[in-house]
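This report refers to the structure that appears directly beneath it.
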Amino acid sequence: MNALILGGSGALSSVLTKLLLKEHKVWTVTRGERKGVDGVTALHADRNDIKTLKEVLKKENIHWDVVFDCICMNKEHAEADIEILSEFTDRLIVISTDSVYDGRFKKTPENEEGICLNEFGETKDCTYGGNKRRMEAVFLKYMREEKGNLKITIFRPGHIYGPGFMLGCFPEHSRQEELPKLIKECKPIRLVGLGTYLIHPIYVDDLALAMIDCVKKEKTYNEIFCIGGPEAIENKAYYECIAEYFEVPLNLEEVPLTGYLDKHPEYSGHLCHRIYDLSKLKTSGVRMPEVHLHEGIELSLKALGY
């Protein structure tokens with residue numbers, strides 16, 4: 001299989017690349033600012049430069065069996081994918097996010113039909129989640145119209161963790177390089193509401209393997225899937241796993257929930273339950289995530305040198 005990855009040097013795309021290379025030929029498109037994975041055909045272009053991106057792809061004279069877009073961040077990126085990639089492939093797999101959901105209306109567990117941002121005619125949400133939702137809307141329109149050749153699958157992961165990702169899943173300790181050291185030294189870990197909201201973390205290899213496994217599964221064509229790991233937990237349990245690895249008590253300090261979201265609207269996607277009904281994913285026949293949190297946290301900390 002010939003596979004093209006848009007964004008081949010990031011945390012998810014690097015894992016995806018290494019897994020694909022075990023059996024397939026891989027091309028990556030990056031700006032060339034970071035070292036990529038050995039063994040790939042490395043193409044260099046800024047995905048925001050549509051003309052150059054198309055020229056770079058055309059020079060390869062390849063019809064790729066699949067394109068994985070790990071860096072599709074907004075409406076413009078989605079439009080460019082549809083405009084450009086249909087010339088070079090029939091299969092596109094895109095990473096979105098669970099931040100597309102409107103936290104005010106989320107069910108527990110939520111499914112693919114949940115209420116998303118910008119669905120009530122309100123002022124446009126220019127956050128990460130708002131931009132991802134507008135990206136999804138472009139692809140959904142394309143899928144509904146059934147006018148093109150692209151068969152698209154969109155994944156909505158929640159918190160992705162594992163080697164390459166900074167640890168931390170909840171305010172005020174989200175994606176912090178120093179988090180393991182703080183916990184190891186028993187420093188206070190400040191969690192809003194003591195981290196009692198639920199989360200559905202997914203180990204990076206599990207996500208990458210599901211992406212690869214869905215390539216030829218017809219039930220995944222032109223569909224969106226929630227995806228999470230094999231267990232849902234309270235956010236504080238994530239930090240407890242890190243403390244258990246170091247064999248120290250977790251020193252938790254509560255940040256009051258009342259009024260916090262008003263002061264920090266950027267955390268609207270975190271201050272709600274983030275667990276998902278994976279029945280649609282299972283029915284599609286895609287490989288289900290297998291790595292449990294304790295194992296994934298241990299692998300993450302070992303990769304960081306702890």
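The values are calculated or read from the model by the stated rules, or taken from the named source; none is laboratory data. Only a predicted model underlies this, so the values are computations on that prediction, with no experimental measurement involved. Glycine gets a Cβ as well: all are built from the backbone with ideal geometry, and neighbour counts include every protein chain shown.
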- Query: Does H63 qualify as being surrounded by fewer than 16 Cβ atoms within 10 Å (Cβ to Cβ), more than 24 Å from Y142 (Cα to Cα) and not basic (K, R)?
  - Reply: no
- Message: I'd like the full set of residues that are of a type in the set (A, V, I, L, M, F, W, C), over 18 Å from E87 (Cα atoms) and in a strand (DSSP E or B), limited to the stretch 27-65.
- Response: A42
- Item | Single condition D65 does not satisfy, out of (1) in contact with a helix residue (DSSP H, G or I) (Cβ under 6 Å, 6 or more places away or on another chain); (2) modelled with pLDDT of 95 or more; (3) of a type outside the set (S, T, Y) | (1)
- Can you tell me which residue among H159, H173 is touching a residue at least 24 places away in the same chain (Cβ under 8 Å) and within 14 Å of the chain's Cα centre (by Cα)? H159
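Conditions (1) in contact with a Leu (Cβ under 6 Å, 6 or more places away or on another chain); (2) among the small types (G, A, S); (3) at pLDDT below 95; (4) closer than 22 Å to L140 by Cα, marked per residue:
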{"residue": "I189", "(1), (2), (3), (4)": "yes, no, no, no"}
{"residue": "Y203", "(1), (2), (3), (4)": "no, no, no, no"}
{"residue": "D206", "(1), (2), (3), (4)": "no, no, no, no"}
{"residue": "C214", "(1), (2), (3), (4)": "no, no, no, yes"}
{"residue": "K217", "(1), (2), (3), (4)": "no, no, no, yes"}
{"residue": "Y221", "(1), (2), (3), (4)": "no, no, no, yes"}
{"residue": "F225", "(1), (2), (3), (4)": "yes, no, no, yes"}
- Message: For a quick check of your reading: which strands (runs of 3 or more DSSP E) sit entirely within the stretch 121-232 and have at least 1 residues that are under 14 Å from S99 (Cα atoms)?
- Response: 151-157, 223-227
- Item | Filter result for the condition that a residue is in contact with a strand residue (DSSP E or B) (Cβ under 8 Å, 6 or more places away or on another chain), surrounded by 16 or more Cβ atoms within 10 Å (Cβ to Cβ) and not β-branched (V, I, T), over L167, L209 | L167
- Query: In the stretch 4-48, how many residues are among the polar types (S, T, N, Q), free of Cβ contacts under 8 Å to residues at least 24 places away in the same chain and in contact with an Asp or Glu (Cβ under 8 Å, 6 or more places away or on another chain)?
  - Reply: 1
- Task: Among the numbered conditions (1) closer than 30 Å to R91 by Cβ; (2) under 19 Å from the mean Cα position of the chain (by Cα), tell me where E266 comes up short.
- Result: (1)
- Task: State which residue pairs qualify: first residue closer than 21 Å to I189 by Cα and inside the stretch 224-252, second residue of a type in the set (S, T, Y) and surrounded by fewer than 20 Cβ atoms within 10 Å (Cβ to Cβ) in any location, beta carbons under 7 Å apart, and separation of 6 or more residues or different chains.
- Result: E234/T196; K236/T196
- Note on the structure: Here the residues within the stretch 228-248 that are under 12 Å from the mean Cα position of the chain (by Cα) and more than 15 Å from L293 (Cα to Cα) are none
- Unmet requirement for H77, which otherwise passes all of (1) within 24 Å of K219 (Cα to Cα); (2) modelled with pLDDT of 95 or more: (1)
